[in-house]
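Peer 1: Sharing a structure here in structure tokens format.
Readers should treat all values here as calculations from the given coordinates under stated rules, not as data from a laboratory. The structure presented is a predicted model; accordingly, all values stated were derived computationally and were not measured. Ideal geometry is used to build each Cβ from the backbone, glycine not excepted, and the neighbour counts take in all protein chains shown.
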Amino acid sequence: MLSLSVPTLPINAILDKLIADNPNKVAAVLDKPTLNGWFVAQVMKETGGQADPNDVMDFVHEKFGLGPVPRWPSTINVVSPNGDRYFARPLNIDGSEWKLISPNGLETFNGSGEEARNRIQEIIDSRI
């Protein structure tokens, strides 16, 4: 039986070398944190695409003291008592705008995820 081993990817070491070799890019990220994607792309290139980009982004944010990586809110899925399916998908990362997809069609909704869930319930209640 063959034993396969998965190599450990030295993300920190790669990132440390990139930081040391590219002081101009470091300065750019410190000036404008949204430019951190260059470092993510270089780590992905160095690992041959084997690194998890979310892990790489976490390492980059940690190295530069950028705080936690913003994550998109989850899609809301609701099934009504009669079996109709309703979805709410975030349109932006802060979750302040949602697209509601229901048997009635599409509706853009401004508000939080909880408010989107309440709007879905209103639609369901109006159909009962």
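Peer 1: Using helices alone, what [θ] at 222 nm do you get for the chain, with -39,500 (n - 2.57) per DSSP H run of 4 or more residues, divided over all residues and rounded to the nearest 500?
Peer 2: Rounded to the nearest 500, it is -13500 deg cm²/dmol.
Peer 1: Label THR75 and GLU62 with points 7 Å out from Cα along Cα→Cβ: what is the distance between them in nm?
Peer 2: Reported label-point gap for THR75 and GLU62 is 3.0 nm.
Peer 1: Note down the nm distance, to one decimal, between modelled labels 7 Å out along Cα→Cβ at LEU30 and at GLU114.
Peer 2: Label at LEU30, label at GLU114, 4.0 nm between them.
Peer 1: Answer rounded, prolate or oblate for the chain, using the Cα gyration tensor with square roots of eigenvalues a ≥ b ≥ c: rounded when a/c is under 1.5, else prolate when a/b is larger than b/c, else oblate.
Peer 2: The shape class here is oblate.
Peer 1: So, one more: Within the chain, how many lysine pairs that are 8 or more places apart, or on different chains, have C-alpha atoms less than 20 Å apart?
Peer 2: 7
Peer 1: Using a basic spin-label model with each label point 7 Å from the Cα along Cα→Cβ, how many nm lie between ASP21 and SER96?
Peer 2: 4.0 nm
Peer 1: Gap in Å between the Cα centre of segment 11-68 and the Cα centre of segment 80-128?
Peer 2: Measuring centre to centre over Cα atoms gives 37 Å.
Peer 1: Could I ask something else about it? For segment 76-127, what relative contact order do you get, as a whole percent, if you take Cα pairs closer than 8 Å and at least 6 residues apart?
Peer 2: Relative contact order for segment 76-127 comes out at 27 percent.
Peer 1: Take ILE93, ILE124 and order them by how many other Cβ atoms sit within 10 Å, fewest up front.
Peer 2: Values: ILE93 10, ILE124 18.
With the fewest neighbours first, ILE93, ILE124 line up as ILE93, ILE124.
Peer 1: So which trypsin sites (Lys or Arg not before Pro) in segment 47-128 end up in coil per DSSP with only 10 or fewer other C-beta atoms within 10 Å?
Peer 2: Passing sites in segment 47-128 are ARG71.
Peer 1: Relative to the Cα centre, what is the charge dipole magnitude of the chain, using +1 at the beta carbon of each Lys and Arg, -1 at the beta carbon of each Asp and Glu, and rounding to the nearest 20 debye?
Peer 2: 220 debye
Peer 1: If you stretched the chain out fully between ASN54 and ARG127, how much longer would it get, using 0.36 nm times the residue separation minus the C-alpha to C-alpha distance? Can you show the working numbers first?
Peer 2: Working: separation 73, 0.36 × 73 = 26.28 nm, distance 4.09 nm.
Separation in residues times 0.36 nm, less the Cα-Cα distance, equals 22.2 nm.
Peer 1: Here's something else I'd like to know. Just to confirm the number: angle between the C-alpha axis of helix 37-46 and the first principal axis of the chain, 0 to 90 degrees, nearest 10?
Peer 2: 60 degrees
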